[in-house]
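Notes for the one structure printed next.
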Number of protein chains: 6
Amino acid sequence: MFDYVPTGIPGVDAILGGVGIPQGHTILISGGPGSGKTTFAIQFLHQGATERGEPGVYITLDEEPEDVKKNMSQFGWDLDRLEKDKKLIFINVSPIRVASTERAGLIQLGMKEFKLVKLLEAVRAGVEEIQAKRVVIDPVTIFMLQYPDEIERIYAMRDLIADFRKNGCTNLLISELRGTGLEREHQFEEYLVQGVILLRTVMKGDKLSRMFQVTKMRGLAVDNQPRPYDITNSGIEVYPTLTVFK
Amino acid sequence: MFDYVPTGIPGVDAILGGVGIPQGHTILISGGPGSGKTTFAIQFLHQGATERGEPGVYITLDEEPEDVKKNMSQFGWDLDRLEKDKKLIFINVSPIRVASTERAGLIQLGMKEFKLVKLLEAVRAGVEEIQAKRVVIDPVTIFMLQYPDEIERIYAMRDLIADFRKNGCTNLLISELRGTGLEREHQFEEYLVQGVILLRTVMKGDKLSRMFQVTKMRGLAVDNQPRPYDITNSGIEVYPTLTVFK
Amino acid sequence: MFDYVPTGIPGVDAILGGVGIPQGHTILISGGPGSGKTTFAIQFLHQGATERGEPGVYITLDEEPEDVKKNMSQFGWDLDRLEKDKKLIFINVSPIRVASTERAGLIQLGMKEFKLVKLLEAVRAGVEEIQAKRVVIDPVTIFMLQYPDEIERIYAMRDLIADFRKNGCTNLLISELRGTGLEREHQFEEYLVQGVILLRTVMKGDKLSRMFQVTKMRGLAVDNQPRPYDITNSGIEVYPTLTVFK
Amino acid sequence: MFDYVPTGIPGVDAILGGVGIPQGHTILISGGPGSGKTTFAIQFLHQGATERGEPGVYITLDEEPEDVKKNMSQFGWDLDRLEKDKKLIFINVSPIRVASTERAGLIQLGMKEFKLVKLLEAVRAGVEEIQAKRVVIDPVTIFMLQYPDEIERIYAMRDLIADFRKNGCTNLLISELRGTGLEREHQFEEYLVQGVILLRTVMKGDKLSRMFQVTKMRGLAVDNQPRPYDITNSGIEVYPTLTVFK
Amino acid sequence: MFDYVPTGIPGVDAILGGVGIPQGHTILISGGPGSGKTTFAIQFLHQGATERGEPGVYITLDEEPEDVKKNMSQFGWDLDRLEKDKKLIFINVSPIRVASTERAGLIQLGMKEFKLVKLLEAVRAGVEEIQAKRVVIDPVTIFMLQYPDEIERIYAMRDLIADFRKNGCTNLLISELRGTGLEREHQFEEYLVQGVILLRTVMKGDKLSRMFQVTKMRGLAVDNQPRPYDITNSGIEVYPTLTVFK
Amino acid sequence: MFDYVPTGIPGVDAILGGVGIPQGHTILISGGPGSGKTTFAIQFLHQGATERGEPGVYITLDEEPEDVKKNMSQFGWDLDRLEKDKKLIFINVSPIRVASTERAGLIQLGMKEFKLVKLLEAVRAGVEEIQAKRVVIDPVTIFMLQYPDEIERIYAMRDLIADFRKNGCTNLLISELRGTGLEREHQFEEYLVQGVILLRTVMKGDKLSRMFQVTKMRGLAVDNQPRPYDITNSGIEVYPTLTVFK
């Protein structure tokens, strides 16, 4: 009943049943700072644009597109070219801009002018412009912060996911992971999406270890075991046949 | 004094005293994301409908029925057919629909229009329509979120269970489990239902381990030990004679 | 100075100094869901009624008396008969009833109409009717929830215990235990009663272990060590000479 | 510069520098339910009254004097006689009495009528009546609960201790200890008193172990090591030369 | 660029780079009840007054000066004489006095009349009177409690330290340490002072162990390792060449 | 696409891909009290000023510049000279000054007069005056405290970083780390900056161990492993080839 969308990221599709993400799913990519979340997302879009003729939209709520491209240059991906060829589109929907020094520091209670509506419109516009099949929101956490009340946040997330269900794309929501331990509390977004991938950096004794783990994927039998991964000079690489060392 | 309702899920009835769930009970099925809660619930309904002539009602508060059926297709269950033959009925009582982009992001304080009343009516209507004997609410957590006050939540849950006592069915309430550790705080719903089944994914060192455990079953002596389980291509399978490995 | 009230539950009286509970005490029976608290309580009343000519009152704030009797049927106790012979009396003082679907879900702020007064009257009436010598309140937690303020709760519990001091009976208050670990915070009720018995289910590695422990008993030297117990087909059985296995 | 007040409790004075509590100190005796706090306190008064001609005042805020005496009867202390001979005096300053069933359950916001003043007057009256040299407040926790605000509580405790400094007696404040683990947060009262004694029941694996420990004693070098203790049929007995077993 | 102020406490100056505290620093001495904080502080002043011709001011916010001197008598320090010779001065700036029984227990919201101003004036007066070079505030915690709001507390502490920077003395602030474990959260005062010394009593298995540790000392390379210490009959003694035993 | 800014601190640039910090980045330097954060920052500026002709601005929100220079004198850096030669500039933007004793202790609710604007102006002025290429804010925590609301704090931090993106310098924000354990919660600032360096002092058994770790560095492949470091008499020294001992 499903089509599958291979990520093209080494080792990942083997973990995803050998086929990839079920088409149309919204997946949470959750990790700590420096875990490679943005790299994973850009690599997903880059692979789609170059290998599979699937254009992609990258929505940034935090870093400027120029800085993202600069940070990704270490992997050898020519993102500017893909943008020119309308294979990728970078959209900045950062809620606040510092226009002048006066505005700096003012409490931006009016940030709720930045509605879910604006975000959804930006996504829609981007998808339409290049007929995208892949979408990334990075990070969705900034969007969630607009809603201080937990119940509002849950409903906003549900609205976002409901709207994404109709956009015909496979969507990644990049999210920030709170704790560093192996035992943790589940964040509410994990219950609302169709899949969850964790990129964790865990201290084993005094050694840092990177663990890639698919903890949820509706509609597909996947390998749920944590697997080691690296950030190489070509991007993320996961090792599906290895166990994370103790 | 009891009739028993076999789940038909491999390994589960052996754990349930060899007979199944005492008829009429309301059971909490609690687990983390990706633990197989929905799979367990659908399998329970599917088994009832196909093996025991017991029609079932699946009430969803989160995923669209179409998506649920699509996600379950990997197990080879022909849910559309059972629905046509009025052996299963899928009802969506999701509190919020995004009707248009304007409504997206508005704070839905009016969600209390979604009353317990509507949920109970939906259940009643479904049970009546196909003379159901099995009911699933998935997940009951979304319903609980309507009541921000803890005491209101407890009383709402008690009302729900009290009403279910009269519906002549055996009911599963699917619930989200907060933490991932072996030691945990009991959630208040566990005290109000007649039985509790936990589907846990626990990290043993770096290996993920799935544990099925019946922690409560009024009126029946059960095996309380945690047992390993898998999500196979036929659904959930529990291994009642094995111990979870360290 | 004391008379003693043997529980008649296998293994328990050996732990209670070989004699039982000091007459007139109010004892907290605290445990998690599925730990056998209600079974312990009913067994205490059943033993009193059948073996020692001591009628008993069972006050339920949660489950319907019919369901309690049904759930206990697995142990072979003829509770209906004892009720007919006025050896036992089951009283339901559940604070809320769902009279019609309209009332379902309404916030019952008026629950404070359910006063301590009503509970005490129900107890008094029951004791008087059958000249009871044993009383069970199951669970006292629901009663406590009527008082959101912690200090009010403490004073309400003290009033309850003060009133019980005068009822000439030996009283068990069934209570819900929060955490599952061996280390825990003491709940305030433990300081107010004359005795505390814990029924705990503890995970030892991956194996579930049941532990019975008397942590407090004023006026009597008891064995404070945790001892294993089972829920057999005759009810609770404690093993006073065994140590809980690691 | 100090006189010392031997407790007379076996093993304790050896730990207190071989001499006892510095005269005039206010000491916190902190422990969980069933740890023997009240037994320790009564034994201290009993020893003073019978062995050292030091009358004592026992102020109870929780249990009725009659019940305390009944509970202590297991140790063979003739408390009634000592009361008749004006060697001991039992005073009840319980903040609430249930006068009639109407008053039960009413929120007693007016409990602040029970002032520190009343408690201090009760102590003063008792000390004067029998020329007491030893005083026990059991438990001081109930008194503290009158002050919901933490800062008020700190100042009330300081006022109490300041007043006690002038009463010419050696004073024990019995207090409830929150957690059961070996690692814990210090309670604020520990900083305000001149000495602190902990009576802990700790789980060692599955075995319960009793530990007596003097964690603070101004003006006297003491043995701070935790030592095992028992509650025997003569009262508390501490073993100053033993180590608590692992 | 610095002069150094040897503490004169055995073992401490060896840990402080062999020289002592950089002159003019404000140091936090943090420890649990019974850890020897006050002893350390008095020993520091005593050493300064007797060995180095540096008079000292002891500001108490909790214990009466007479009681402090009495408690310290066990170490053989003639504090009364030093006071007469104007080598030491004891000042009581306790925020509350119980003037009469009426005032006892009244909520002292007016405690903010006790301003930082009064404390600073007391210090200034004391320093001027005896030309002090060493100052102790014991404990600074009571002063901090005047400010319920965390941000006010931080600013009050900064004002205090800023004022102390100009008093030409080397200052110890005695503070209460919350938890007993080895892992802990840093208290905000640790970031505002120029040095931090912890006096910890840690449970090693069942044995109590005392650990002295300098965790911060601006301007001087110190030994940061925890070292064992004792409270002997001459005061504190630290063992800089030993490791704390496991 | 990047230029790199070597820190010049022994061992650090080897960890930073052999090249240093990507030019223009804002990096968080996070550590506990006494971990060497300020030393690291001053060493970074000193190296830039003396070895690479890159003037630097040191903005202090806490310690007076004179005290910082005095504390750093132990390392042999002639900061006064560098200041005279306009290679370094020290700017104090401490939010509160104690002008007179009256003002001490007054609640400074007006501290929000200290705007982000003032901080940014101070930075801009300093950078312009000496044509700086390196900037340090020490600590940024004091600035964050101006915003009690978490969302305001996040937006203020984003504004600060956005402004820094345009200042043409490489910027270090010094921050206070809450806990001492190896497992921790990520602080929100870690998500907003381009790099994160942790200076941790961890207890290994009873031995204190210093660990340097780069947990994030956008645009550059770095060594993420924790490495031991010391504070020597020349400043910080990291050992990139060693593992932290257990």
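So the values come out like this:
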| item | result |
| --- | --- |
| Cα Rg, Dmax (largest Cα-Cα span) when computed across chain A, Å | 17.7, 56 |
| Calculated FRET value between E:Arg178 and B:Gln23, using beta carbons and R₀ = 56 Å, to 0.05 | 0.55 |
| Of B:Thr26, B:Asn167, B:Ile130, farthest towards positive along the dipole that unit charges on Lys, Arg, Asp, Glu beta carbons give chain B | B:Thr26 |
| Kirkwood Rh, Cα atoms: Rg over Rh of region C:10-70 | 0.96 |
| Phi-based couplings in Hz for region A:141-146 (Karplus 6.51, -1.76, 1.60; Gly and Pro marked x) | 4, 4, 4, 4, 5, 5 |
| Tail weight of P(r) past 43 Å, computed on alpha-carbon pairs of the protein assembly as shown, percent | 55 percent |
| Other protein chain Cβ atoms within 10 Å, averaged over every residue that makes up C:226-234 | 1 |
| Relative contact order (%) - criterion: Cα under 8 Å, at least six apart; region: region E:143-209 | 28 percent |
| Antiparallel bridges, percent of DSSP beta bridges restricted to chain C (to nearest 5) | 40 percent |
| Across B:Lys86/B:Lys166; E:Lys133/F:Lys37; C:Lys118/D:Lys37; D:Lys216/E:Lys133, pairs whose alpha-carbon gap is larger than 25 Å | E:Lys133/F:Lys37; C:Lys118/D:Lys37; D:Lys216/E:Lys133 |
| Residues with amide H under 5 Å from that of D:Leu177, placed H, sequence gap 5 or more | D:Gly31, D:Gly32 |
| 3J(HN,Hα) from dihedral phi, region C:45-58, Karplus parametrisation 6.51/-1.76/1.60, rounded to Hz, x for glycine, proline | 5, 4, 4, x, 5, 8, 9, 10, x, 10, x, x, 10, 10 |
| Positive-end extreme of charge dipole, chain B - chosen from B:Leu242, B:Tyr191, B:Ile151 (charges on Cβ) | B:Leu242 |
| Lys, Arg +1 and Asp, Glu -1 on Cβ, resulting dipole of the protein assembly as shown about Cα centre, debye, nearest 20 | 1580 debye |
| Relative contact order %, chain E, counting alpha carbon pairs below 8 Å whose residues are six or more apart | 29 percent |
| Region A:151-229, Rg to Rh (Cα coordinates; Rh as Kirkwood inverse mean 1/r) | 1.01 |
| Long-range HN-HN contacts of C:Ile21 with modeled amide H, under 5 Å | C:Val5, C:Thr7 |
| Shielding by other protein chains, E:205-211, mean Cβ within 10 Å | 5 |
| Vicinal HN-Hα couplings computed from phi for region E:155-160 (Karplus, 6.51 cos²θ - 1.76 cosθ + 1.60; Hz; Gly/Pro x) | 5, 5, 4, 5, 4, 4 |
| Other protein chain Cβ atoms within 10 Å, averaged over every residue that makes up B:135-142 | 1 |
| Residues in region B:32-60 that a label on B:Gln131 would reach, taking backbone N under 12 Å of a point 7 Å out along Cα→Cβ | B:53-55 |
| Ordering of C:28-36, D:85-93 by burial proxy (mean other Cβ atoms within 10 Å per residue, highest first) | C:28-36, D:85-93 |
| Helix-only mean residue ellipticity at 222 nm for chain F, each DSSP H run of n ≥ 4 adding -39500 (n - 2.57), per residue, nearest 500 | -8500 deg cm²/dmol |
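Every read-out reported here was derived from the displayed coordinates using simple, explicitly stated rules and does not represent laboratory data. Keep in mind that this is a model prediction, so the values were computed, not measured. FYI the Cβ positions are ideal-geometry reconstructions off the backbone, even for glycines, and counts take in every protein chain you see.
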